[in-house]
Amino acid sequence: MYKYKRVKNQAPLLECNDRFILSIDNHQEIIEALADFAKKQKIKAGVIEGIGAISEATFRFLDPATKKYVDKTFEEQMEITNLTGNISVKDGEPYLHVHLTCSRRDYTCVGGHLLRARINGACELLVTDFGQTQVGRRFDEETGLNLYDF
Ligand code: FE
């Protein structure tokens, strides 16, 4: 599903544990692969950043007025110009919050809260694991979002 290389923490006094250079295999779905990776590495809090190329992406837009989700799928070859996200824990499982901006053949961009994206080319990510720090989530009635639970 993916290959990775661990980058040992060079500054052990920092809370940050290790970083991983992660390459998800071609034709894999990014969120599924990231969830598997976070679970196997037991990451309880972290950040994700990366680039790549995809043939399909589905974004989710939450309308604050209705608290209803509107999903939209783009089926075309696109470059990931930026993938930014974080890892936390909800109900004992890794919880991913990922946003993606990608560029189309005509160099315009689409983006948003990422539900899923299919790699067509490569997906190169950097995952930072905050080690022993755990960050949880809880559902917030007012916003309809799973917010950080500190
Ligand atoms: Fe979001």
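The values are calculated or read from the model by the stated rules, or taken from the named source; none is laboratory data. Computed from a predicted model, the values in this text were never measured in an experiment. As a convention, Cβ positions derive from the backbone with ideal geometry for all residues, glycine included, and neighbour counts pool all protein chains shown. What goes into the accessible areas is simple: the full protein's heavy atoms, side chains included, and nothing from ligands, DNA or RNA. Shrake-Rupley method; radii C 1.70, N 1.55, O 1.52, S 1.80 Å.
For region 87-114, filtered to residues that are of a type in the set (A, V, I, L, M, F, W, C) and open to solvent by 30 Å² or more (accessible area, probe 1.4 Å), the residue that is farthest from Leu145 (Cα to Cα) is Cys109.
Of the residues making up region 120-141, those that are open to solvent by less than 30 Å² (accessible area, probe 1.4 Å), β-branched (Val, Ile, Thr) and farther than 26 Å from Ile54 by Cβ number 1.
Inclusion of Ala117 among residues that are away from the ligand (no atom under 16 Å from the Cβ) and either modelled with pLDDT of 95 or more or surrounded by fewer than 16 Cβ atoms within 10 Å (Cβ to Cβ) (or both) is not warranted. Would you mind stating whether Tyr69 is farther than 30 Å from Gln132 by Cβ, hydroxyl-bearing (Ser, Thr, Tyr), open to solvent by 80 Å² or more (accessible area, probe 1.4 Å) and within 16 Å of the ligand (Cβ to nearest atom)? Yes; evaluated as a whole, the condition is true for this residue.
With within 21 Å of Glu32 (Cα to Cα), within 15 Å of the ligand (Cβ to nearest atom) and not charged (D, E, K, R) as the only criterion, which of Gly111, Gly52, Gly92 stands out? Testing whether each residue is within 21 Å of Glu32 (Cα to Cα), within 15 Å of the ligand (Cβ to nearest atom) and not charged (D, E, K, R) leaves just Gly111. Scanning region 55-66 for residues that are exposed (fewer than 13 other Cβ atoms within 10 Å of the Cβ) and more than 16 Å from the ligand (Cβ to nearest atom) gives Ala65, Thr66. Return yes when Ile80 is open to solvent by 20 Å² or more (accessible area, probe 1.4 Å), within 21 Å of His27 (Cβ to Cβ) and assigned to a strand (DSSP E or B) and no when it is not. So Ile80 fails the test.
For region 66-89, a tally of residues being of a type in the set (Lys, Arg) and at pLDDT 95 or above returns 1. Just checking, how many residues over region 34-48 are open to solvent by 10 Å² or more (accessible area, probe 1.4 Å) and under 10 Å from Asn86 (Cβ atoms)? So the answer is 1. Determine, yes or no, whether Asp129 is of a type in the set (D, E, K, R), closer than 20 Å to Asp149 by Cα and more than 15 Å from the ligand (Cβ to nearest atom). Yes, satisfied. When the test is whether a residue is closer than 30 Å to Phe139 by Cα, aromatic (Phe, Trp, Tyr) and part of a strand (DSSP E or B), Phe37 does not pass it.
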